[in-house]
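Coordinate-derived values only; no laboratory data. All figures in this text were calculated on a predicted structure; none of them were measured in a lab. Virtual Cβ from ideal backbone geometry, glycine too; neighbours counted across all protein chains shown.
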Amino acid sequence: MKPLSLGAMSHSLWQGELLHICIAEQAGVEMEELETANLIANVGIEGDRYSIAKGYYSYKPHADRQVTLIEFETLDALRRDHKIDLAPIESRRNLTTRGVPLNHLVGRHFRVGDVVLYGGRLNVPCKYLEELLDKPVFAPLINRSGLNCRIIEGGTIRRGDRIVPID
């Protein structure tokens, strides 16, 4: 029997789930939760502020800001360790995942349903989020603020979609 390569083994190490999809029409407005969303390759999520250059950081465009993710486990840790309730819609991230090691996806491709994303860089928490929410989230989110991604292959995603590594 041929031994599994490291690449083949990585496919079986984890599988996650998409719990929430959120967008906002422009910077500072309340996020809207969706059941499904259309992700457009090299652009962003249809209707989201960053796909139409109306986000808080749109003046500094970056390919890896097309879609942002955060782990539900991080939101649980905020509640447990810091007594801060941060709902997925309040995180200002587009996708909330469960069972996905986002920090390990920097420089890697992965699937959310049929869509292919590339984990470009870790999201850095900002004081803007803290000010917008009036919650002390900046320090607790350092190194856990999520993942900024670019959309490689677009399509429709749905709550409950599987998330799996590709490479």
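Once the Cα atoms are used to define both axes, helix 72-82 deviates from the longest principal axis of the chain by about 50 degrees.
Share of pairwise Cα-Cα distances greater than 26 Å in the chain is 24 percent (whole percent). A cut-off of 5 Å between modelled amide H atoms, ignoring neighbours fewer than 5 places along the same chain, links L95 with C22, T68, L69, I70. Under 12 Å from a label point 7 Å along Cα→Cβ of Y128: give me every residue in the stretch 14-30 with its amide N that close. Of the residues in the stretch 14-30, 26-29 have backbone N under 12 Å from the label point off Y128.
Suppose we flag chymotrypsin sites (Phe, Trp or Tyr not before Pro) only when DSSP calls them loop and at most 16 other Cβ atoms lie within 10 Å. Which is the longest uninterrupted stretch of the chain?
On the way: sites that count: W14, Y57, Y59, F138.
Result for the longest clean stretch: 60-137.
Remark: the E25-A139 segment gains 38.3 nm on full extension, using 0.36 nm per residue and subtracting the alpha carbon distance. Amide H contacts under 5 Å for I166: H109, F110, R111, restricted to partners 5 or more places along the chain or on a different chain, H placed in the peptide plane at 1.01 Å from N.
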